[in-house]
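To start, the structure itself, in structure tokens.
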Amino acid sequence: MVGMTRLCVPLTGSTCEQMAAGLTAAAAGGADTVELRLDFLQEWSEPAVRRLLEAAEAFPGDVIATYRIAAEGGHYDEGEAQRISRLEFVGLSGAVDYIDVEYEAWRVSANVRQKIGLVCDVNADTDRPRRRLILSKHDFTGTPIDLDSMLTTIAREPAHVAKIACKANTIVDALRMLDALRTSAAVRPTIALSMGEAGLLTRVLAGKFGAFLTFASLEAGQESAPGQVSLAEMKQLYRWDAIGPATQVYGVIGCPVAHSMSPAILNAAFGETGFDGVYLPFRVEPEYAAFAAFVDGCVVRPWLHLRGCSVTIPHKQNLLAYLEKRGGCVEPLARRIGAANTLCIEPGQQEDGTDAVVSAYNTDYRGAMDALLAGMGCRAEDLSGVSVAVLGAGGAGRAIVAGLRDCGCAVTIYNRTRDKADALAVEFGAEARPFEERVRHNADVVVNCTSTGMWPNVDDTPMPAEGLASRPLVFDTVYNPIETRLLREAREHGCRTVDGVEMFVRQAAAQFERWTSRPAPVALMRDVVTAKLRSAQH
Ligand code: NAP
């Protein structure tokens with residue numbers, strides 16, 4: 001059965017009053033289903049529970065009652081007979097539409113089967129049971145190999161909905177969970193979710209694959225399981241209501257990745273232009289093997305519709321290495337720079353994805369140069385002969401040195417690791433000087449391509465203030481915070497400044513255009529990232 005996937009808010013208040021308030025907030029926030037997590041109640045008072053159930057009757061959507069035991073990740077650790085009779089009491093009140101019971105409790109206990117089975121009409125010959133039964137299995141340690149058999153085992157019982165939730169130790173575990181969801185949802189109402197940060201895609205894409213429901217917390221901090229996103233994030237950031245079977249999937253591959261601004265900026269751009277896409281954070285462990293396993297895993301699942309990724313620290317080198325090994329195409333610019341930040345996947349005809357075309361691009365080059373030219377108010381030709389001191393020789397440094405040299409700038413590279421500066425200078429016809437000498441530069445422009453000064457180390461600066469005395473134009477590629485210490489001191493010395501937000505917006509806009517073939521809504525993207533950075537409570 002495939003129907004509209006519900007967006008369910010688990011109510012985790014410690015009192016019935018808090019839960020009742022949660023019902024109102026969940027309805028106002030656009031949830032169509034709530035789960036009363038009775039095990040979160042700190043005490044059980046029948047009159048208070050009765051009032052909660054009265055409030056639940058007024059909830060416009062369906063209500064699930066769950067009284068989760070500690071062994072399956074809940075908070076209830078008292079007697080089983082008491083738990084089942086309370087659940088029976090809640091069920092018989094008529095206020096709830098579904099009861100969730102652990103498969104294991106159901107299997108081993110005739111009392112559970114008899115009482116909850118009766119409340120849920122599991123043996124009654126009716127298409128319209130008074131309440132429906134969700135049987136669930138949880139694994140908070142990892143994702144077992146055979147998820148299909150977990151679901152079919154549950155489905156042998158008279159459950160109306162089969163649910164599994166397992167911890168994703170890697171993002172490939174989450175891909176396997178999607179496999180299981182697709183198979184099971186084709187024949188029965190199914191909830192199949194991966195817990196933890198790596199499992200986020202199973203939560204957001206549940207609707208694309210016809211799950212019975214996905215969970216979203218009422219607010220950050222009120223999650224009932226690890227990795228739940230909030231209701232507001234699900235609705236506004238990930239545009240839950242716009243995700244359907246044909247939605248194309250994009251994301252940012254990084255580690256860590258939770259604080260990336262890319263989902264905000266690209267999802268907003270998809271929404272603004274009416275593009276049927278969703279953009280997610282993909283937490284992939286730093287090793288090459290983990291990167292390759294994830295991208296391979298997406299390629300062999302063409303039904304996932306993964307069409308592209310931004311690739312960030314620490315995976316930029318892994319992207320080029322992957323294409324080298326797999327035989328994909330690297331655009332000449334990215335090959336020349338030796339760094340790429342954008343992955344594209346062009347689907348083929350084969351069901352196993354083997355004929356998909358994978359390619360890599362560099363949008364940092366264009367982002368950085370567009371930002372610098374806009375900041376200087378000049379054209380590329382005007383840069384010829386301008387002297388530039390570049391701090392750093394990593395991926396961003398490589399793109400910027402290439403761009404500056406293409407415009408005819410005289411570039412001097414200062415990098416903490418001298419060898420990298422020397423090698424980069426040789427490649428692009430620049431000069432390399434010891435990092436300690438950066439303060440004695442006499443350049444017209446200083447560009448910071450190191451990570452120094454980036455949140456949370458906001459009191460650091462890559463250039464001592466004496467290095468700003470000659471009033472160069474200063475461009476800091478770091479974009480969080482918007483005004484770094486380097487930019488603040490540059491401004492105080494009367495230098496003109498260009499911040500990293502401009503580069504960030506323009507490189508993201510270049511990715512958007514490559515993926516969608518539509519003009520990027522640059523002004524909106526700038527507003528989104530600026531607002532997000534300003535409101536961040538760092
Ligand atoms: P990367 O390849 O890891 O390079 C990091 C660079 O920072 C290297 O040159 C490294 O020097 C230097 N570095 C790190 N810690 C340092 C320290 N304590 N003192 C001096 N130098 C230090 O990273 P990347 O991709 O080039 O990114 C670098 C920065 O650029 C990022 O932090 C980000 O803020 C910014 N960036 C911005 C955008 C944007 O769109 N605005 C895009 C890409 C990057 P060593 O070689 O000695 O390790």
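Side notes on the structure shown:
- Which numbered condition Thr417 misses (of (1) surrounded by 15 or more Cβ atoms within 10 Å (Cβ to Cβ); (2) within 11 Å of the ligand (Cβ to nearest atom)): (1)
- The set of residues in the stretch 520-536 being more than 17 Å from Leu237 (Cβ to Cβ) and open to solvent by 20 Å² or more (accessible area, probe 1.4 Å) consists of Val522, Ala523, Arg526.
- Residues of the stretch 322-349 that turn out to be open to solvent by less than 30 Å² (accessible area, probe 1.4 Å), part of a helix (DSSP H, G or I) and farther than 22 Å from Gln248 by Cβ, as a count: 2
- Output for the stretch 461-506, where each listed residue is under 20 Å from Val439 (Cα atoms), of a type outside the set (Val, Ile, Thr), within 12 Å of the ligand (Cβ to nearest atom) and in contact with a Lys or Arg (Cβ under 7 Å, 6 or more places away or on another chain): Met463
- Cβ separations smaller than 7 Å between residues 6+ apart or across chains give the following pairs from the stretch 213-235 residues that are acidic (Asp, Glu) to residues that are crowded, with 20+ Cβ neighbours inside 10 Å: Glu223/Ser217.
Here's the yes/no breakdown for (1) under 15 Å from Met19 (Cβ atoms); (2) of a type in the set (A, V, I, L, M, F, W, C); (3) in contact with a strand residue (DSSP E or B) (Cβ under 7 Å, 6 or more places away or on another chain):
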position	(1), (2), (3)
Asp62	no, no, yes
Ile69	no, yes, yes
Glu78	no, no, no
Gln82	no, no, no
Val90	yes, yes, yes
Ser93	yes, no, no
Val101	no, yes, yes
Trp106	no, yes, yes
Ala110	no, yes, no
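- Boolean, Ser517 is open to solvent by 80 Å² or more (accessible area, probe 1.4 Å) and small (Gly, Ala, Ser): yes
- When Cys298 is tested against (1) open to solvent by less than 10 Å² (accessible area, probe 1.4 Å); (2) within 25 Å of Tyr365 (Cα to Cα), only condition (2) is not met.
- Any hit, the stretch 44-52, residues being open to solvent by 20 Å² or more (accessible area, probe 1.4 Å) and at positive phi: no
- None of Val426, Val411, Val386 is surrounded by fewer than 17 Cβ atoms within 10 Å (Cβ to Cβ), more than 35 Å from the chain's Cα centre (by Cα) and β-branched (Val, Ile, Thr) except Val426.
- Qualifying residue in the stretch 350-364 (condition: within 16 Å of the ligand (Cβ to nearest atom), free of Cβ contacts under 8 Å to residues at least 40 places away in the same chain and crowded, with 16+ Cβ neighbours inside 10 Å): yes
- For the criterion of being among the aliphatic types (A, V, I, L, M), open to solvent by 10 Å² or more (accessible area, probe 1.4 Å) and more than 29 Å from Asp355 (Cβ to Cβ), Ala258 passes.
- In the stretch 280-296 there is at least one residue that is assigned to a strand (DSSP E or B), basic (Lys, Arg), away from the ligand (no atom under 16 Å from the Cβ) and within 19 Å of Pro256 (Cβ to Cβ).
- Out of Arg131, Arg176, sole residue that is without any contact (Cβ under 8 Å) to a residue 60 or more places away in the chain, at negative phi and open to solvent by 50 Å² or more (accessible area, probe 1.4 Å): Arg176
- Restricting the stretch 302-312 to residues that are closer than 12 Å to Thr342 by Cα and not basic (Lys, Arg) leaves a set whose member that is most open to solvent (accessible area, probe 1.4 Å) is Thr312.
The values are calculated or read from the model by the stated rules, or taken from the named source; none is laboratory data. Everything numeric here is computed off the predicted structure, so don't read it as measured data. Using ideal geometry, Cβ is built from the backbone for each residue, glycine included, and neighbour counts are taken over all protein chains shown. Calculation scope for accessible area: heavy atoms of the full protein, side chains included, ligands and nucleic acids excluded. Shrake-Rupley method; radii C 1.70, N 1.55, O 1.52, S 1.80 Å.
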